[in-house]
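Chemist: For reference, the structure I am asking about is given below.
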Number of protein chains: 2
Amino acid sequence: MSRPAHRRPEYHKINKDLFVLTYGALVAQLCKDYEKDEDVNQYLDKMGYGIGTRLVEDFLARSCVGRCHSYSEIIDIIAQVAFKMYLGITPSVTCNNSSKNEFSLILEKNPLVEFVEELPAGRSSLCYCNLLCGIIRGALEMVHLAADVTFLQDRLKGDSVTEIGITFLKKRDEKKYRGKK
Amino acid sequence: MSRPAHRRPEYHKINKDLFVLTYGALVAQLCKDYEKDEDVNQYLDKMGYGIGTRLVEDFLARSCVGRCHSYSEIIDIIAQVAFKMYLGITPSVTCNNSSKNEFSLILEKNPLVEFVEELPAGRSSLCYCNLLCGIIRGALEMVHLAADVTFLQDRLKGDSVTEIGITFLKKRDEKKYRGKK
């Protein structure tokens, strides 16, 4: 599925509820297809990866963000520009280590779970929003940045916030990463 | 999946590309799950029906549309308010019969197919956007209006426009309709 080259439609903004409910239908369908939570989580991540590799082209074209000179600049763009554009929220950012390649995005609000009060019964290790991790990983991959992206905390699992961890992999770790695509 | 009562978040608008690509992933997943196009079409319609029954509550709350006094007023609201709110487009409307219960929504543009150049091979009778028919049907059902909603034309099938037909069912037809939910 690729986007015809000639398109640059001028209309961009929509109400998010249709997206949020459609995403819920997607997760529900995957829960029917896969018994184990890990398989659903992995599939959402893989699906997100595919979406991220396509979305980043549009993001760069629409947002006109300039070249970044550090991992923390990249994280700020993800939090303040990309999340705002696609989900209408701006997570806060923390840097988690001295070598400045491990970060967290802290989501006080998460529109994807707005219609979800709790995880379905028997799905306690489901990462409901795992599509987001795949999208971030796929988008970073397209700008030649390998990263591990995972949920560190999840409100749907009783944590006080939802936290996405992003670890930029150093060149030598990339071989290990290649196998994950 | 129901929405917690206390929520009325103030942020509403997002960029549509994430939704459009996620919808594509949903259709691709259903095409893996179901061999026959009719089954995918039916499943998208059923999924849409479920989404429509929840979305209409939010739509009425956000849009503050008043009581309608005719089918054509309802169709105008669907085209000019709902489609604009959720997909960023305003389809044109035609009335197709003298008893004024058959209408068409003509979509010159359709954001859902923006990343789709053609139907997948061997999927010629796939109604890629059938979720929309189910959403309209489910939303109308929640305001006590039974209707048949189907694609009459589809650009992905070579037609010049995409046309959704909406037929409001008269009271006596409703028994036939009940079986479809």
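The values are calculated or read from the model by the stated rules, or taken from the named source; none is laboratory data. As the structure is a prediction and not an experimental result, all values here were calculated from the model. Because the Cβ atoms are built from the backbone with ideal geometry, glycine has one as well, and the counts that use them run over all protein chains shown. Keep in mind that these areas ignore ligands, DNA and RNA; they rest on the heavy atoms of the full protein, side chains included. Shrake-Rupley method; radii C 1.70, N 1.55, O 1.52, S 1.80 Å.
Chemist: What is the projected area of the convex hull of the Cα atoms of segment B:16-173, averaged over all directions, in nm²?
Modeler: Mean projected area of the Cα convex hull: 9.4 nm².
Chemist: Let me ask something else. Between A:S99 and A:V65, with labels modelled 7 Å along Cα→Cβ, what's the label distance in nm to one decimal, could you check?
Modeler: Each label point lies 7 Å from its Cα, and together they span 2.3 nm.
Chemist: Using a 1.4 Å probe and ignoring any ligands, DNA or RNA, find the accessible area of A:R123 and quote it in Å² to the nearest 10.
Modeler: Its heavy atoms expose roughly 30 Å² to the probe.
Chemist: Let me ask something else about it. Determine the relative contact order of chain A: mean sequence separation of Cα pairs under 8 Å and six or more apart, normalised by residue count, in whole percent.
Modeler: Over chain A, the number comes to 25 percent.
Chemist: Another question, then. Can you run the Rg to Rh ratio on segment A:10-74? Use alpha carbon positions and the Kirkwood inverse-distance Rh. Show your work: numbers first, answer last.
Modeler: Values: Rg = 15.9 Å, Rh = 14.6 Å.
Radius of gyration relative to Kirkwood radius: 1.09.
Chemist: Hey, for A:K84 with labels 7 Å out along Cα-Cβ, what do the inter-copy distances come to in nm, ordered shortest first?
Modeler: Label-point distances to the other copies, shortest first: 2.6 nm.
Chemist: Further question: Would you mind giving the total buried accessible surface between chains A and B, with a 1.4 Å probe and ligands, DNA and RNA left out, rounded to the nearest 100 Å²? Don't jump to the answer; show the numbers that get you there.
Modeler: On the way: alone 10860 and 10890 Å², together 17060 Å².
Approximately 4700 Å² gets buried when A meets B.
Chemist: List the distances, in nm to one decimal, from the label point of B:M142 to the label points of the same position in every other copy, shortest first, placing each label point 7 Å from Cα along the Cα-to-Cβ direction.
Modeler: 3.3
Chemist: Per residue and in Å³, how big is the convex hull formed by the alpha-carbon atoms of the protein assembly as shown? Show your work: numbers first, answer last.
Modeler: Details: hull volume 54.9 nm³, N = 362.
Per-residue hull volume (Cα only) is 152 Å³.
Chemist: Accessible area per residue for chain B in Å², computed with a 1.4 Å probe and the full protein assembly in place, what is it?
Modeler: Value returned for chain B: 47 Å² of accessible area per residue.
Chemist: Just read off the accessible area of A:K46 with the full protein assembly in place, 1.4 Å probe, to the nearest 10 Å².
Modeler: Approximately 130 Å² for this residue.
Chemist: Could you give the dipole magnitude of chain A about its Cα centre, charging the beta-carbon of Lys and Arg +1 and that of Asp and Glu -1, in debye to the nearest 20?
Modeler: In debye, rounded to 20, chain A gives about 820.
Chemist: Could I ask something else about it? Say R0 is 22 Å: what FRET efficiency, to the nearest 0.05, do A:I77 and A:H144 get from their beta-carbon distance?
Modeler: E(calc), rounded to 0.05, equals 0.90.
Chemist: Now, a different point. Determine the share of segment A:16-173's accessible area contributed by carbon and sulfur atoms, expressed in whole percent, with a 1.4 angstrom probe.
Modeler: Taking all protein chains in place, segment A:16-173 shows 52 percent carbon and sulfur surface.
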